[in-house]
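Below is one structure, written out as C-alpha coordinates; comments come after it.
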Amino acid sequence: MTSIHILFFCMDNRLIPHPAWVEIDLAQFKKNLSTIKKNILSRLFCLCVKADAYGHGICEIATAAEEEGINYLGVACLKEGVELRRYGISTPIFVFGAIDERQIKDLIKWGLEFSVSSKFKAELVAAECAKMKKKCRVHLEIDTGMRRTGVRPETAVELLPWILQNDAIELVGVYSHLATADQPNDPFAMEQIKEFKRLRERFGKMDLIWHLANSGGAAFYPDSHFDMVRCGLLAYGYFPGKIQNPAYEVAPCFSLKARVSYFKVVAADVGISYGHSYRTNDQTRIATVPLGYGDGFFRSFSNRGSVLIRGKKFKIAGSVCMDQFMVDVGQNEVYVGDEATLIGTQGTETITLEEAAFSAGTISYELLCSLNGRLSRIYRK
Ligand SMILES: *Cc1c(COP(=O)(O)O)cnc(C)c1O
(Lines give C-alpha, C1' and ligand atoms only; values in the text may rest on other atoms or scores of the structure.)
Protein backbone atom coordinates (compact mmCIF):
# COMPACT_ATOMS: atom_id res chain seq x y z
CA MET A 1 0.00 0.00 0.00
CA THR A 2 2.75 2.41 1.02
CA SER A 3 4.85 1.77 -2.07
CA ILE A 4 1.88 2.30 -4.37
CA HIS A 5 1.15 5.51 -2.56
CA ILE A 6 4.76 6.70 -2.97
CA LEU A 7 4.77 5.81 -6.65
CA PHE A 8 1.61 7.78 -7.19
CA PHE A 9 3.06 10.70 -5.30
CA CYS A 10 6.26 10.67 -7.39
CA MET A 11 4.35 10.67 -10.63
CA ASP A 12 1.97 13.44 -9.66
CA ASN A 13 2.79 16.24 -12.06
CA ARG A 14 0.16 18.50 -10.57
CA LEU A 15 2.65 19.48 -7.86
CA ILE A 16 3.88 23.06 -7.94
CA PRO A 17 7.26 22.69 -9.69
CA HIS A 18 10.55 23.35 -7.95
CA PRO A 19 11.73 26.88 -8.77
CA ALA A 20 14.62 25.86 -11.05
CA TRP A 21 13.74 25.18 -14.67
CA VAL A 22 14.64 25.20 -18.35
CA GLU A 23 12.66 27.39 -20.75
CA ILE A 24 12.37 26.43 -24.41
CA ASP A 25 11.20 28.87 -27.06
CA LEU A 26 9.59 26.53 -29.59
CA ALA A 27 8.89 29.33 -32.07
CA GLN A 28 12.62 30.11 -32.22
CA PHE A 29 13.41 26.41 -32.54
CA LYS A 30 11.09 26.17 -35.55
CA LYS A 31 12.75 29.23 -37.10
CA ASN A 32 16.09 27.46 -36.74
CA LEU A 33 14.74 24.46 -38.62
CA SER A 34 13.47 26.61 -41.46
CA THR A 35 16.73 28.58 -41.85
CA ILE A 36 18.64 25.30 -41.98
CA LYS A 37 16.20 23.86 -44.51
CA LYS A 38 16.63 26.98 -46.64
CA ASN A 39 20.43 26.67 -46.64
CA ILE A 40 21.10 22.97 -47.08
CA LEU A 41 21.53 21.43 -50.51
CA SER A 42 20.26 17.97 -49.59
CA ARG A 43 16.68 16.88 -50.18
CA LEU A 44 16.36 15.43 -46.65
CA PHE A 45 16.93 16.85 -43.18
CA CYS A 46 17.51 14.67 -40.13
CA LEU A 47 17.19 16.35 -36.73
CA CYS A 48 19.28 14.77 -33.95
CA VAL A 49 17.18 14.40 -30.82
CA LYS A 50 19.50 12.10 -28.89
CA ALA A 51 20.26 12.89 -25.22
CA ASP A 52 16.77 14.26 -24.61
CA ALA A 53 17.12 16.52 -27.67
CA TYR A 54 20.32 18.01 -26.25
CA GLY A 55 18.45 18.72 -23.02
CA HIS A 56 15.52 20.42 -24.79
CA GLY A 57 13.08 17.52 -24.20
CA ILE A 58 12.92 14.75 -26.80
CA CYS A 59 9.13 14.37 -27.22
CA GLU A 60 8.28 18.08 -27.36
CA ILE A 61 11.13 18.81 -29.79
CA ALA A 62 10.26 15.83 -32.00
CA THR A 63 6.63 16.98 -32.09
CA ALA A 64 7.62 20.53 -33.08
CA ALA A 65 9.97 19.14 -35.74
CA GLU A 66 7.21 16.89 -37.09
CA GLU A 67 4.94 19.94 -37.38
CA GLU A 68 7.68 21.52 -39.51
CA GLY A 69 7.84 18.45 -41.75
CA ILE A 70 11.19 17.06 -40.65
CA ASN A 71 12.21 13.98 -42.69
CA TYR A 72 14.15 12.01 -40.09
CA LEU A 73 14.86 11.99 -36.36
CA GLY A 74 18.24 10.76 -35.14
CA VAL A 75 18.75 9.05 -31.79
CA ALA A 76 21.65 7.22 -30.17
CA CYS A 77 19.94 4.19 -28.66
CA LEU A 78 16.93 1.89 -28.73
CA LYS A 79 15.42 3.43 -25.61
CA GLU A 80 15.25 6.89 -27.17
CA GLY A 81 13.64 5.53 -30.32
CA VAL A 82 11.02 3.61 -28.35
CA GLU A 83 10.24 6.67 -26.24
CA LEU A 84 9.41 8.58 -29.43
CA ARG A 85 7.29 5.77 -30.88
CA ARG A 86 5.36 5.37 -27.61
CA TYR A 87 4.71 9.10 -27.68
CA GLY A 88 3.16 8.70 -31.13
CA ILE A 89 5.96 10.03 -33.34
CA SER A 90 5.63 8.42 -36.78
CA THR A 91 8.53 10.13 -38.64
CA PRO A 92 11.35 7.75 -39.64
CA ILE A 93 13.78 7.34 -36.75
CA PHE A 94 17.40 6.42 -37.29
CA VAL A 95 19.46 4.98 -34.42
CA PHE A 96 23.15 5.98 -34.79
CA GLY A 97 26.13 3.87 -33.90
CA ALA A 98 26.93 0.19 -33.55
CA ILE A 99 24.00 -2.00 -32.55
CA ASP A 100 24.00 -4.41 -29.64
CA GLU A 101 22.91 -7.75 -31.12
CA ARG A 102 20.57 -8.38 -28.17
CA GLN A 103 18.53 -5.34 -29.24
CA ILE A 104 18.03 -6.29 -32.89
CA LYS A 105 14.60 -7.78 -32.26
CA ASP A 106 13.29 -4.68 -30.49
CA LEU A 107 14.81 -2.32 -33.06
CA ILE A 108 12.84 -4.16 -35.74
CA LYS A 109 9.69 -4.49 -33.65
CA TRP A 110 9.55 -0.74 -32.97
CA GLY A 111 10.09 0.16 -36.61
CA LEU A 112 13.42 1.89 -36.07
CA GLU A 113 16.10 2.19 -38.74
CA PHE A 114 19.59 1.36 -37.58
CA SER A 115 23.20 0.93 -38.57
CA VAL A 116 24.92 -2.07 -39.96
CA SER A 117 28.67 -1.85 -39.69
CA SER A 118 29.93 -5.41 -39.95
CA LYS A 119 29.15 -8.55 -41.94
CA PHE A 120 28.69 -10.42 -38.67
CA LYS A 121 25.91 -8.12 -37.42
CA ALA A 122 24.37 -7.91 -40.89
CA GLU A 123 23.95 -11.69 -40.82
CA LEU A 124 22.40 -11.56 -37.35
CA VAL A 125 19.99 -8.89 -38.54
CA ALA A 126 19.05 -10.92 -41.60
CA ALA A 127 18.42 -14.01 -39.46
CA GLU A 128 16.24 -12.05 -37.02
CA CYS A 129 14.22 -10.50 -39.85
CA ALA A 130 13.60 -13.94 -41.34
CA LYS A 131 12.51 -15.26 -37.95
CA MET A 132 10.15 -12.34 -37.36
CA LYS A 133 8.96 -12.38 -41.01
CA LYS A 134 9.50 -8.65 -41.02
CA LYS A 135 11.67 -6.60 -43.29
CA CYS A 136 13.93 -4.06 -41.61
CA ARG A 137 15.50 -0.84 -42.84
CA VAL A 138 19.20 -0.29 -42.30
CA HIS A 139 21.96 2.17 -43.13
CA LEU A 140 25.46 0.96 -43.87
CA GLU A 141 28.04 2.88 -41.88
CA ILE A 142 31.45 3.52 -43.41
CA ASP A 143 34.37 4.91 -41.45
CA THR A 144 35.99 7.66 -43.49
CA GLY A 145 38.09 9.06 -40.66
CA MET A 146 36.20 9.41 -37.36
CA ARG A 147 37.45 5.95 -36.36
CA ARG A 148 34.54 5.35 -34.04
CA THR A 149 32.20 2.92 -35.80
CA GLY A 150 31.72 1.85 -39.39
CA VAL A 151 33.38 -0.51 -41.83
CA ARG A 152 36.46 0.40 -43.81
CA PRO A 153 35.75 1.61 -47.35
CA GLU A 154 37.27 -1.61 -48.81
CA THR A 155 34.92 -3.71 -46.68
CA ALA A 156 31.94 -1.58 -47.69
CA VAL A 157 32.62 -2.43 -51.29
CA GLU A 158 31.88 -6.10 -50.46
CA LEU A 159 29.28 -5.62 -47.76
CA LEU A 160 27.00 -3.26 -49.69
CA PRO A 161 26.22 -5.73 -52.52
CA TRP A 162 25.75 -8.49 -49.93
CA ILE A 163 23.10 -6.45 -48.11
CA LEU A 164 21.45 -5.46 -51.39
CA GLN A 165 21.00 -9.07 -52.47
CA ASN A 166 19.57 -10.06 -49.08
CA ASP A 167 15.76 -10.02 -49.23
CA ALA A 168 15.19 -9.69 -45.51
CA ILE A 169 17.08 -6.40 -45.21
CA GLU A 170 16.20 -3.21 -46.97
CA LEU A 171 19.23 -0.97 -47.42
CA VAL A 172 17.98 2.58 -47.07
CA GLY A 173 21.13 4.59 -46.73
CA VAL A 174 24.90 4.75 -46.53
CA TYR A 175 26.54 7.12 -44.07
CA SER A 176 29.71 8.28 -42.41
CA HIS A 177 30.62 10.88 -39.79
CA LEU A 178 32.90 13.93 -39.95
CA ALA A 179 35.56 14.30 -37.27
CA THR A 180 36.86 17.83 -37.83
CA ALA A 181 34.09 19.88 -39.43
CA ASP A 182 33.63 22.38 -36.58
CA GLN A 183 35.32 25.10 -38.60
CA PRO A 184 35.57 25.82 -42.31
CA ASN A 185 38.42 24.76 -44.61
CA ASP A 186 39.69 21.89 -42.53
CA PRO A 187 41.82 19.69 -44.81
CA PHE A 188 40.85 16.45 -43.06
CA ALA A 189 37.12 17.21 -43.37
CA MET A 190 37.68 17.79 -47.09
CA GLU A 191 39.48 14.43 -47.32
CA GLN A 192 36.52 12.67 -45.69
CA ILE A 193 34.09 14.35 -48.06
CA LYS A 194 36.23 13.30 -51.05
CA GLU A 195 36.39 9.70 -49.82
CA PHE A 196 32.63 9.57 -49.30
CA LYS A 197 32.03 11.04 -52.76
CA ARG A 198 34.35 8.43 -54.31
CA LEU A 199 32.35 5.63 -52.70
CA ARG A 200 29.08 7.08 -53.85
CA GLU A 201 30.32 7.37 -57.40
CA ARG A 202 31.60 3.84 -57.28
CA PHE A 203 28.14 2.50 -56.42
CA GLY A 204 26.52 4.55 -59.09
CA LYS A 205 23.01 5.88 -59.06
CA MET A 206 21.17 3.72 -56.61
CA ASP A 207 18.11 4.82 -54.76
CA LEU A 208 19.90 5.24 -51.43
CA ILE A 209 20.21 8.09 -48.94
CA TRP A 210 23.87 9.06 -48.69
CA HIS A 211 24.52 11.14 -45.58
CA LEU A 212 27.64 12.58 -44.01
CA ALA A 213 27.09 16.10 -42.63
CA ASN A 214 26.64 16.96 -38.96
CA SER A 215 26.13 20.61 -37.87
CA GLY A 216 29.67 21.56 -38.86
CA GLY A 217 29.23 19.89 -42.25
CA ALA A 218 25.87 21.58 -42.75
CA ALA A 219 27.22 25.03 -41.83
CA PHE A 220 30.63 24.99 -43.48
CA TYR A 221 30.86 22.22 -46.10
CA PRO A 222 28.10 22.31 -48.74
CA ASP A 223 29.92 19.44 -50.49
CA SER A 224 29.12 17.25 -47.52
CA HIS A 225 25.33 17.61 -47.75
CA PHE A 226 24.66 14.80 -50.25
CA ASP A 227 21.09 13.44 -49.80
CA MET A 228 20.60 14.27 -46.12
CA VAL A 229 22.22 16.31 -43.34
CA ARG A 230 22.08 15.24 -39.69
CA CYS A 231 21.97 18.36 -37.52
CA GLY A 232 21.87 18.51 -33.78
CA LEU A 233 23.52 21.55 -32.24
CA LEU A 234 22.87 23.94 -35.13
CA ALA A 235 19.13 23.27 -34.94
CA TYR A 236 19.17 24.24 -31.27
CA GLY A 237 20.72 27.54 -32.29
CA TYR A 238 24.47 27.11 -31.77
CA PHE A 239 27.50 26.61 -33.98
CA PRO A 240 29.78 23.72 -33.04
CA GLY A 241 32.96 25.83 -32.89
CA LYS A 242 33.90 29.48 -32.54
CA ILE A 243 33.13 30.38 -36.16
CA GLN A 244 29.63 31.15 -37.39
CA ASN A 245 28.09 31.18 -40.83
CA PRO A 246 25.76 34.21 -41.01
CA ALA A 247 23.68 32.58 -43.78
CA TYR A 248 22.31 30.32 -41.04
CA GLU A 249 20.24 32.74 -39.01
CA VAL A 250 19.90 30.48 -35.98
CA ALA A 251 19.49 31.60 -32.38
CA PRO A 252 19.33 29.73 -29.08
CA CYS A 253 15.92 28.70 -27.78
CA PHE A 254 17.12 27.44 -24.40
CA SER A 255 17.39 29.30 -21.07
CA LEU A 256 18.24 28.02 -17.60
CA LYS A 257 16.54 29.81 -14.74
CA ALA A 258 15.74 29.59 -11.03
CA ARG A 259 14.25 31.75 -8.32
CA VAL A 260 16.33 33.13 -5.44
CA SER A 261 15.30 31.03 -2.43
CA TYR A 262 17.13 32.80 0.37
CA PHE A 263 18.91 36.03 1.14
CA LYS A 264 21.10 37.15 4.01
CA VAL A 265 23.73 39.67 5.05
CA VAL A 266 27.08 38.21 6.13
CA ALA A 267 30.12 39.77 7.78
CA ALA A 268 33.49 40.54 6.20
CA ASP A 269 36.06 37.73 5.96
CA VAL A 270 33.74 34.74 6.36
CA GLY A 271 33.73 31.55 4.28
CA ILE A 272 30.84 30.61 2.00
CA SER A 273 29.63 27.04 1.18
CA TYR A 274 31.46 23.70 1.54
CA GLY A 275 35.18 24.04 2.17
CA HIS A 276 34.89 27.83 2.42
CA SER A 277 36.67 28.23 -0.92
CA TYR A 278 35.15 31.72 -1.19
CA ARG A 279 35.66 34.36 1.51
CA THR A 280 33.90 37.70 1.67
CA ASN A 281 35.97 40.88 1.49
CA ASP A 282 33.54 43.22 3.23
CA GLN A 283 30.19 42.82 4.85
CA THR A 284 28.02 41.73 1.95
CA ARG A 285 24.74 40.23 0.75
CA ILE A 286 24.52 36.57 -0.17
CA ALA A 287 21.69 35.14 -2.28
CA THR A 288 20.98 31.40 -2.50
CA VAL A 289 19.80 29.80 -5.75
CA PRO A 290 18.09 26.37 -5.49
CA LEU A 291 19.89 24.47 -8.25
CA GLY A 292 23.08 22.43 -8.14
CA TYR A 293 25.05 19.51 -9.52
CA GLY A 294 22.10 17.22 -8.70
CA ASP A 295 20.40 19.01 -11.58
CA GLY A 296 23.48 18.62 -13.75
CA PHE A 297 24.78 22.12 -13.04
CA PHE A 298 28.46 21.24 -12.81
CA ARG A 299 30.40 21.59 -9.58
CA SER A 300 33.14 23.09 -11.73
CA PHE A 301 31.03 26.28 -11.88
CA SER A 302 32.18 26.87 -8.28
CA ASN A 303 33.74 30.37 -8.07
CA ARG A 304 33.74 30.52 -11.89
CA GLY A 305 30.20 30.57 -13.25
CA SER A 306 27.98 33.65 -13.37
CA VAL A 307 24.33 34.40 -12.82
CA LEU A 308 22.06 37.32 -13.79
CA ILE A 309 19.76 38.78 -11.17
CA ARG A 310 17.82 42.02 -11.73
CA GLY A 311 19.73 42.53 -14.97
CA LYS A 312 23.18 42.43 -13.34
CA LYS A 313 25.84 39.77 -13.62
CA PHE A 314 27.32 38.19 -10.47
CA LYS A 315 29.89 35.47 -9.84
CA ILE A 316 28.95 32.22 -8.11
CA ALA A 317 30.44 32.35 -4.58
CA GLY A 318 32.02 29.16 -3.27
CA SER A 319 31.30 25.54 -4.12
CA VAL A 320 28.19 24.56 -6.04
CA CYS A 321 26.32 22.12 -3.75
CA MET A 322 24.12 19.24 -4.90
CA ASP A 323 20.95 21.32 -4.83
CA GLN A 324 21.94 24.94 -4.26
CA PHE A 325 24.64 27.54 -4.74
CA MET A 326 25.35 31.01 -3.43
CA VAL A 327 25.99 34.36 -5.07
CA ASP A 328 27.73 37.39 -3.57
CA VAL A 329 25.61 40.34 -4.72
CA GLY A 330 27.63 43.00 -2.86
CA GLN A 331 25.49 46.02 -2.02
CA ASN A 332 22.93 45.31 -4.76
CA GLU A 333 19.27 44.82 -4.02
CA VAL A 334 18.07 41.25 -4.38
CA TYR A 335 14.85 39.71 -3.04
CA VAL A 336 13.72 36.17 -2.41
CA GLY A 337 11.69 35.13 -5.47
CA ASP A 338 13.81 37.15 -7.95
CA GLU A 339 14.49 35.35 -11.18
CA ALA A 340 18.09 34.19 -11.58
CA THR A 341 19.24 33.42 -15.14
CA LEU A 342 22.16 31.03 -15.54
CA ILE A 343 21.97 30.69 -19.31
CA GLY A 344 20.02 33.32 -21.23
CA THR A 345 19.21 37.03 -21.19
CA GLN A 346 17.97 39.55 -18.66
CA GLY A 347 17.57 43.09 -19.96
CA THR A 348 20.80 44.01 -21.72
CA GLU A 349 22.91 41.25 -20.14
CA THR A 350 23.34 37.75 -21.54
CA ILE A 351 25.14 34.65 -20.36
CA THR A 352 25.63 32.53 -23.45
CA LEU A 353 25.71 28.76 -23.35
CA GLU A 354 29.22 28.88 -24.84
CA GLU A 355 30.46 31.27 -22.14
CA ALA A 356 28.88 29.19 -19.36
CA ALA A 357 30.35 25.97 -20.76
CA PHE A 358 33.77 27.58 -21.08
CA SER A 359 33.72 28.77 -17.45
CA ALA A 360 33.09 25.17 -16.36
CA GLY A 361 35.89 23.87 -18.60
CA THR A 362 33.63 22.10 -21.06
CA ILE A 363 31.75 22.54 -24.37
CA SER A 364 28.18 23.59 -25.17
CA TYR A 365 27.17 20.03 -26.09
CA GLU A 366 28.09 18.62 -22.68
CA LEU A 367 26.47 21.38 -20.64
CA LEU A 368 23.18 21.13 -22.59
CA CYS A 369 22.78 17.41 -22.18
CA SER A 370 23.91 17.22 -18.57
CA LEU A 371 21.06 19.42 -17.30
CA ASN A 372 18.75 16.63 -16.23
CA GLY A 373 15.13 15.76 -15.67
CA ARG A 374 14.93 17.18 -12.16
CA LEU A 375 14.67 20.59 -13.83
CA SER A 376 11.21 21.08 -15.29
CA ARG A 377 10.96 22.12 -18.93
CA ILE A 378 8.66 25.00 -19.78
CA TYR A 379 7.70 25.44 -23.44
CA ARG A 380 6.78 28.76 -25.04
CA LYS A 381 5.04 28.55 -28.39
C1 LIG B 1 25.36 13.42 -32.73
C2 LIG B 1 25.49 13.08 -34.12
C3 LIG B 1 25.17 14.02 -35.11
C4 LIG B 1 24.82 15.45 -34.80
O5 LIG B 1 25.94 16.20 -34.40
P6 LIG B 1 25.86 17.78 -34.25
O7 LIG B 1 27.26 18.22 -34.18
O8 LIG B 1 25.12 18.06 -32.99
O9 LIG B 1 25.14 18.29 -35.45
C10 LIG B 1 25.17 13.59 -36.43
N11 LIG B 1 25.50 12.33 -36.75
C12 LIG B 1 25.85 11.40 -35.82
C13 LIG B 1 26.20 10.03 -36.25
C14 LIG B 1 25.87 11.76 -34.49
O15 LIG B 1 26.24 10.86 -33.58
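The values are calculated or read from the model by the stated rules, or taken from the named source; none is laboratory data. Note that the structure is a prediction, hence the values are computed from the model and not measured. Don't worry about glycine lacking a Cβ; one is built from the backbone with ideal geometry, like all the others, and counts go over all protein chains shown. Side chains included, ligands, DNA and RNA excluded: accessible areas come from the protein's heavy atoms. Shrake-Rupley method; radii C 1.70, N 1.55, O 1.52, S 1.80 Å.
Of note:
- Three-way shape label, the chain, alpha-carbon gyration tensor, a/c 1.5: prolate
- Report summary: the helix-based calculation at 222 nm, which adds -39500 (n - 2.57) for every DSSP H run with n ≥ 4 and divides by the residues of the chain, gives -9000 deg cm²/dmol.
- Relative contact order of the chain: 17 percent, from C-alpha pairs under 8 Å at least 6 residues apart in sequence.
- Within segment 69-91, backbone nitrogen closer than 17 Å to the virtual label 7 Å beyond the Cα of K134 toward Cβ: 78-91
- As a fraction of the 1.4 Å probe accessible area of the chain, surface on carbon and sulfur atoms comes out at 53 percent.
- Peptides 250-262, 280-292 ordered by packing proxy, namely the average of other Cβ atoms within 10 Å per residue, highest first: 250-262, 280-292.
- The antiparallel fraction among DSSP beta bridges confined to the chain stands at about 50%.
- About the centre of its Cα atoms, the chain shows a dipole size close to 420 debye [charges on the beta carbon of Lys, Arg (+1) and Asp, Glu (-1) only; nearest 20 debye].
- Neighbourhood net charge (13 Å Cβ-Cβ; Lys/Arg +1, Asp/Glu -1) for T35: +2
- Accessible-area rank, largest first, for K119, K242: K242, K119, with all protein chains present and a 1.4 angstrom probe.
- Counting Lys and Arg as +1 and Asp and Glu as -1 over every other residue whose Cβ lies under 14 Å from the Cβ of G81, the net charge comes to +1.
- Magnitude of the charge dipole for segment 231-302, about its Cα centre and with charges confined to Cβ atoms of Lys, Arg (+1) and Asp, Glu (-1), is about 140 debye.
- In the context of the full set of protein chains, the chain has a per residue accessible area of 48 Å² (1.4 Å probe).
- Whether segment 224-318 is rounded, prolate or oblate, judged on the alpha carbon gyration tensor where a/c under 1.5 counts as rounded: prolate
- Exceeding the 20 Å Cα-Cα cut-off - candidates K242/K381; K38/K205; K50/K194; K79/K109: K242/K381; K38/K205; K50/K194
- Under 20 Å from K313, Cα to Cα: aspartates and glutamates that are on another chain or at least 8 residues apart: E23, D282, D328, E333, D338, E339, E349, E354, E355
- Dipole-positive endmost among H139, I89, T348 within the chain (Cβ charges, Cα centre): I89
- Cα gyration tensor shape for segment 261-358, rounded if a/c is under 1.5, else prolate or oblate: oblate
- If you take all other residues with their beta carbon under 15 Å from the beta carbon of S176, and give Lys and Arg +1 and Asp and Glu -1, the sum is +1.
- Figure note: M132, M326 ranked by solvent-accessible area, largest first, 1.4 Å probe, ligands and nucleic acids not counted: M132, M326.
- Residue of G237, G204, G74 that the Gaussian network model of the chain assigns the largest fluctuation, springs spanning Cα pairs under 10 Å: G204
- Considering only L212, L159, L171, the mean-square fluctuation computed in a Gaussian network model of the chain, springs between alpha carbons under 10 angstrom, is largest for L159.
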